[in-house]
Amino acid sequence: MVRKLPAKDVVIVGLGWTGSIMAYELADAGLDVMAIERGPWRNTATDHPPGYAADELRYRIRHELFLRPEQTTFTFRNKMSQTALPIRTWGAFMPPNGVGGGGVHWNAETWRFLPTDFVLRTHLTQRYGAGFLPDDMTIQDWGVTYDDLEPHYDRFEYLCGTSGQAGNVKGQIVEGGNPFEGPRSRHYPNPPQDQPFGATLFAKAARDLGYKPFPQPSGNMSRAYQNPLGVRLGPCTFCGFCEWFGCGNYSKATPQTTILPVLLRKPNFAARDNSEVTRINLDASGKRATGVTFVDTGGNEWEQPADLVILSAYTIFNVQLLLLSGIGKPYDPVGNSGVIGRNFTHQTISDVVSFFDPAKFAFNPFIASGSIGMCIDEFNGDNFDHGPHGFVGGGYMGQVQTNGRPIETAPVPPGTPRWGAQWKKAVKENYQSALKPGTGVHGSMYSYRDVYVDLDPTYKDRFGRPLARMTIDFHDNELKQNAFLTDKFAEIFQAMGARQIVKEYRKGPYDVTKYQTTHLCGGAIMGTDPGTSALNRYLQSWDVPNLFVTGASAFPQNPGYNPTGTVAALAYWAADAIRNRYLKNPGQLINA
Amino acid sequence: MPWTPFPTSAPDFERPGPWQFFTTDEATAVEAIVDRIIPPDPDTPGGKDAGCAVFIDRQLKGPYGSAAGLYRLGPYTKGTKEQGPQSANTPAELYRKGLAGLDRYCKANNGGKGFTQLSAEQQDGVLKKIEAGEVKFDEVDAQGFFDALLKDVPEGFFSDPIHGGNKNMVGWSMIGFPGIRYDYRDWIHRHNERYPHPPVSIAGRADWTPHKS
């Protein structure tokens, strides 16, 4: 029996970064807000105090803070002709779980996308001609521009206390920052983090080669900071246990360290943890959401009625919930019709591992933060002429070494046996003198007609609902891009004086066991045409106007940066549209 | 709806003591194997004295051994390499069957001698054959069993000693990893100067801890 709870103005599905931002903004507007989170409550003091937060086995290897695949997972295949099989243990990406979402255990790499990233198809077609793009590439403009989002990027960076060096303030290029970035209205709230030896050497070599290296923008504090909501963060101590871990120092920007302490004091906000939303309910017309149904840990089903539904789960679970709720037309790659599941993307990551003379180099690789490092952006987006190269897209690259945790990071030169005395000797000799960036080449993945999400015909979750099925493979464009970028990246390590360099190119087929990033994107994308997008430019569903869908599921393709800055800016942008336009006249904000 | 916010999540500490998963024979074999994967040398103990077998024993008895939290619904179908592991065996079952397979293989090919009765060179030879895919076990994939060992043994050597391996932090000391010190603000600027301080575990350090007399 489904029990019905008292109606709310707003129900929010998933209390991660965007759920927290939306909850704060809408509660601040006076609405009665209920957030429902599948995972547990999390709190710095109880869940990751410094006394045991730095447990590599528990958090990195055994995935303590992530979704348990037994709760739900998805199935995967490379090609439409294959049978998809379930992902039984996580590999290529790590779906989050619990209050704070991925914001708890991210590295806090806090980027903005390039202005051209938002008008990608228009820009590339103008510069190179439509014939330059592969026929089956389905990239689109976003319907929103960098200038639209700039105030919202700024808002998130000041919420988080982002540590960085501006490269472009109001059109003025600033020495030491990223000269390719879009103009920002003011400097970062905090100076960049201090850099360790490896990153400093990388920056010097990059400068010598004619590049303009800059510190990676970091949500780890370079100094104590009080954000505009009055929440205080402490300085990062370079503990080397950032991504995959919670921060014990309140030094990493997370919903817990920036918003939740203030949100929880609002009497018109409430949250339920360990409760999984199984359906968005619609009225008889199918054009209006009436709320959601969820299941608690006791297996009891509840209905939470609400006037406004915010779907803010992880990318693929947003898509799955839309499909299971019958909202929007499912994408059909054969007929090239429908929108839900379309333009699904991930990332094209590769790395270069370099070995230096142990007698001359000691890098202390364990002295690190999640977003420490020096980067270059010469090969991102359309910052360089792609004409001679025959591909589009790119990525930033950098010596961004986030840890020296020895289970994960004990590189040995090629040719070393996998075990035995020689392996042991090689680990010992090279631990201090090898460099292995966490994210070396952070390449884009553009969208294609045959890369998509739908519902699996065979495998079910614990409630008997079909799992989401992902069909994804690398296309030649991305593999060419990666080969070009990885070679450029390796040249910098060569110039640093490495005596041996190993280029770990990204190669096809897409492999669900090899970790890249957790940046799954698309499937419920924003745009200007209801025929090719699920959401309008305000993240509002074209089909159900009292439903807004936040998160990277809205990205029409994945640019060459970490997504969280843009995910958060889009949430603020959508919240602004709800507060200032939708609430005055609830209904479709765009007449398509 | 009743719920308990902020449940504690403090870790359990594994203690020395009897085997919790392995039989005595299995444990003897595993101790021999871990000492071939990470052999002792004059500076650093091998896998056995570092506690790697104890680590694996405690892991197999716990949630890892039973594949707790993983997706375990069928049908189980063999897929491509890129689709990831699709075996119905839990790690505990893989070890139980793998160790039995190793014992049978060694006895059949060495005049009735089990793995532990072979010389170190012979043991290395067996493991190299398994690694190369030249050995078949009846119940499980021999190469897959060895891959699990190559993952689990270094984890025992390098994880926090509270999990039963890395005894006295020998793995960390070997490479100069300082464990959970958690604050390097004093060293971030000291470029190319090797960090000088010894490691600290979640359980502290033995020399900080009073002993019972």
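Out of residues 5 or more away from A:L467 or on other chains, whose amide H comes under 5 Å of its own, with H placed 1.01 Å from N in the peptide plane?
Close amide H contacts, sequence-distant or interchain: A:D456, A:Y459, A:K460, A:D461.
Which part of segment A:284-307 falls in the paramagnetic zone of A:R3, meaning amide N under 20 Å from the point 7 Å along Cα-to-beta-carbon?
Of the residues in segment A:284-307, A:291-306 have backbone N under 20 Å from the label point off A:R3.
Can you give the helix-only mean residue ellipticity at 222 nm for chain A, where every DSSP H stretch with n ≥ 4 adds -39500 (n - 2.57) and the sum goes over all residues, rounded to the nearest 500 deg cm²/dmol?
Per the formula, -6000 deg cm²/dmol.
Which loop trypsin sites (Lys or Arg not before Pro) in segment B:75-113, with loop taken from DSSP, have no more than 11 other Cβ atoms within 10 angstrom of their Cβ?
On the way: sites: B:K78, B:K81, B:R96, B:K97, B:R104, B:K107, B:K113; in loops: B:K78, B:K113.
Answer by residue number: B:K78.
Taking θ as phi - 60°, what are the ³J(HN,Hα) couplings along segment A:12-25 by the Karplus curve (6.51, -1.76, 1.60), each to the nearest whole Hz, with x for Gly and Pro?
With coefficients 6.51, -1.76 and 1.60, one gets 10, 9, x, 10, x, 4, 6, x, 5, 4, 4, 4, 5, 5 Hz.
Which cross-chain or sequence-distant (5 or more) residues have an amide H under 5 Å from the amide H of A:R184, H modelled 1.01 Å from N in plane?
Sorted by chain and number, the residues that satisfy this are A:N168, A:V169, A:K170, A:G171.
Quick one: putting +1 on the C-beta of Lys and Arg, -1 on the C-beta of Asp and Glu, what dipole do you get for segment A:3-582 around its Cα centre, in Debye to the nearest 20?
The calculated dipole for segment A:3-582 is roughly 1060 debye.
Run down the lysines and flag those whose C-alpha is under 27 Å from the C-alpha of A:K480, throwing out any fewer than 8 positions away in its chain.
Hits, sequence-local ones excluded: A:K79, A:K212, A:K436, A:K488, A:K503, A:K507, A:K514, B:K81.
Roughly speaking, what is the centre-to-centre gap between segment A:198-272 and segment A:533-580 when only Cα atoms are used, to the nearest Å?
Their Cα centres are 23 Å away from one another.
Once phi is turned into θ = phi - 60°, what whole-Hz ³J(HN,Hα) does the Karplus curve with 6.51, -1.76 and 1.60 give for every residue of segment A:154-161, x standing for Gly and Pro?
Going residue by residue, I get 4, 4, 5, 5, 6, 4, 7, x Hz, with x marking Gly and Pro.
Can you give the relative contact order of chain A as a percent, counting alpha carbon pairs under 8 Å and 6+ residues apart?
22
With θ set to phi - 60°, apply the Karplus curve 6.51 cos²θ - 1.76 cosθ + 1.60 along segment A:386-391 and write out the HN-Hα couplings as whole Hz, x wherever there is a Gly or Pro.
7, x, x, 9, x, 8
For segment B:152-213, max minus min Cα coordinate along each principal axis, in Å, sorted largest first?
Projected onto its principal axes, the Cα set of segment B:152-213 covers 41, 33, 16 Å.
Mind listing the long-range amide H neighbours of A:S337? Cut-off is under 5 Å, sequence gap 5 or more, other chains count too, H placed in the peptide plane at 1.01 Å from N.
Residues meeting the amide H criterion: A:D332.
Under a 1.4 angstrom probe, counting protein chains only, how are A:D117, A:D576 ranked by accessible area, largest first? Write down the numbers at each step before the final one.
Values: A:D117 5, A:D576 65 Å².
Output order, biggest surface exposure first: A:D576, A:D117.
Could you state the number of Å between the C-alpha centres of segment A:364-421 and segment B:52-125?
First find each Cα centre; the distance between them is then 33 Å.
Which angle from 0 to 90°, rounded to the nearest 10, does the C-alpha axis of helix A:476-495 make with the longest principal axis of chain A?
40
The values are calculated or read from the model by the stated rules, or taken from the named source; none is laboratory data. This structure is a prediction, so every number in the text was calculated from the model and none was measured. Reconstructed Cβ throughout: ideal geometry from the backbone, glycine too, with neighbour counts over all protein chains shown. Ligands, DNA and RNA are excluded from the accessible area calculation, which covers all protein heavy atoms including side chains. Shrake-Rupley method; radii C 1.70, N 1.55, O 1.52, S 1.80 Å.
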